[in-house]
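Notes for the one structure printed next.
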Amino acid sequence: MTPEAVGIDIGGTRIKIGRVNERGTVLARAELAAPIDLPFAEALDRIAGAAAPLLAGDEPVRVGIGCAGLIDSRRGVVHTSPNLPLWRDLELGRLMSARLGTPVVVTNDANAFALAEARLGAGAGHRIVVALTLGTGVGGAIVTDGRLFAGTHGFAGELGHMSIERGGPRCPCGNRGCLELYVGRRGLVADYLGRCRWEPGAPGYDLAGGRREQVDPKLIAQAAQQGDAAARETFARAGETLGGALADVANLLDPTVFVIGGGVAQAGELIFAPARRILAERAMARAVAVPAIVPAALGVEAGFIGAALCGLAPGGASGGG
């Protein structure tokens, strides 16, 4: 029988759960709203209640959880999470294992995404995969020969928090000038609103119905497709910044491919084309081979598929998946 596990992807608005086999086939799914404001005990009860039916069967099923934030995957501890501010130094692995009656592995959500894409998605067949998720935040992870590189404490791969501008604005992580501030959702929106013509007849204004709070990367991409020069410039600048950061990573790690996912990445070539151009200009290996930049392939299921793969691994996420 093909081994199976249940993966839980804890997002900022929704929690996605899937029972998955080692080939990545999704056998069952569940979903619930993220319990952002609930005390952690009640939140865990709700998550466990939604996941428990997917564990039913004669064979024991392990569980993997992907959660945004600073995660000690070896101990299964969530130190902090931007999605769940009440979770601090939470022993998520132990507490969920007690509720579900099975071993539980906990990893960073970007690690889960990267592992799924490296083994089964856009990075399959590549030896060294660097994966990034561009959303409200920017997550990152490194997979070598199908195994996660976790680093000494399990915190490796935080590419979104590379400081690309020493005197830049303060990031929520405490650093300054982090990549996340320039290619994440907030940075894109701020850049666009600072550039665009905000008046009736302008593409962005009309798409948002004149409401600035409606502006997001998807809307900016739509405005760009309608010929909005400010929107195109916003994505061009973000892509160039991303490409420069990827060139630094390429010079450090010499990967074979960059896999990019997340909501901002849905803009496609608006951001990928300038990123590829700058990467090709600045990567030291350009005379031999420039790493490809490709869109993620597994969509919204990547998080729980990767979490399940971590659950299936003998060493869990810390063992490299």
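Observations on the model:
- Listed by position, the helices (runs of 4 or more DSSP H) inside the range 26-125 whose residues that are surrounded by fewer than 19 Cβ atoms within 10 Å (Cβ to Cβ) number at least 1 are 40-51, 92-100.
- Verdict on residue 160 being buried (at least 18 other Cβ atoms within 10 Å of the Cβ), closer than 30 Å to residue 308 by Cα and in contact (Cβ under 8 Å) with a residue 60 or more places away in the chain: no
- Failed item in (1) free of Cβ contacts under 8 Å to residues at least 60 places away in the same chain; (2) in contact with a helix residue (DSSP H, G or I) (Cβ under 8 Å, 6 or more places away or on another chain); (3) over 20 Å from residue 291 (Cα atoms), with residue 97 passing the rest: (2)
- Residue pairs meeting the criteria (Cβ under 6 Å; at least 6 apart or on separate chains; first farther than 23 Å from residue 165 by Cβ, in the range 220-246; second modelled with pLDDT under 95 and not charged (D, E, K, R)): none
- Looking across the range 103-118, just one residue is charged (D, E, K, R) and closer than 15 Å to residue 68 by Cβ, and that is 109.
- Which numbered condition residue 180 fails, given (1) open to solvent by less than 60 Å² (accessible area, probe 1.4 Å); (2) among the charged types (D, E, K, R); (3) in contact with a Lys or Arg (Cβ under 7 Å, 6 or more places away or on another chain): (3)
- Within the range 183-198, considering residues that are in contact with a Pro (Cβ under 8 Å, 6 or more places away or on another chain) and closer than 20 Å to residue 243 by Cβ, the one least open to solvent (accessible area, probe 1.4 Å): 188
- Residues being assigned to a strand (DSSP E or B) and β-branched (Val, Ile, Thr) - total across the range 135-181: 4
- Complete set of residues in the range 12-34 that are in contact (Cβ under 8 Å) with a residue 24 or more places away in the chain and touching a helix residue (DSSP H, G or I) at 6+ places or on another chain (Cβ under 7 Å): 15, 16, 17, 18, 19, 20, 22, 24, 26, 28, 30
The values are calculated or read from the model by the stated rules, or taken from the named source; none is laboratory data. Predicted model only: the values in this text are computed from it and were never measured. Reconstructed Cβ throughout: ideal geometry from the backbone, glycine too, with neighbour counts over all protein chains shown. These accessible areas exclude ligands, DNA and RNA; they are computed on the full protein's heavy atoms, side chains included. Shrake-Rupley method; radii C 1.70, N 1.55, O 1.52, S 1.80 Å.
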